[in-house]
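Each remark here refers to the structure printed beneath this line.
Every read-out reported here was derived from the displayed coordinates using simple, explicitly stated rules and does not represent laboratory data. In this text, all values refer to a predicted model and were calculated from it rather than measured experimentally.
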């Protein structure tokens with residue numbers, strides 16, 4: 001049995017929002033994709049009634065700043081510009097093409113989204129690199145079909 005390596009995972013962002021020119025977030029150290037739904041519960045004399053809302057994604061990441069990102073790499077400056085301008089971006093996170101992977105191992109997350117948190121981290125007491133972390137929050141309908 002093979003495992004999907006974390007080094008092959010990229011959060012990709014299209015800063016135009018069109019879904020045609022994705023850039024990979026540069027130098028990811030960690031990332032997570034959280035899928036949630038709002039839950040409404042009512043207690044009745046027929047028992048508890050539970051209803052769920054539309055699903056949403058949030059993408060949390062921690063990355064190291066790249067000195068000279070290429071045109072295919074998303075940088076801290078790209079993310080900063082998007083959060084300041086309140087730009088709706090398109091974001092995706094998919095399983096990589098892995099030799100021998102089965103259909104059951106495939107997954108895909110894609111949506112329109114906004115950067116809702118961005119933090120520039122510096123450790124002047126000996127940290128080797130400047131890093132940044134953030135959260136991207138979905139809006140609208142989610143796509144899970146590659």
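Data table
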quantity	calculated
Folded to 0 to 90 degrees: helix 76-85 orientation relative to the chain principal axis, Cα	50 degrees
Sum of -39500 (n - 2.57) over DSSP H runs of 4+, divided by residues of the chain (222 nm, nearest 500)	-2000 deg cm²/dmol
The chain - share of DSSP beta bridges that are antiparallel (%, nearest 5)	95 percent
Gaussian network model of the chain, Cα within-10 Å springs - most flexible of 41, 54, 66	41
Compactness relative to 2.2 N^0.38 Å, alpha carbon Rg of the stretch 6-143	1.25
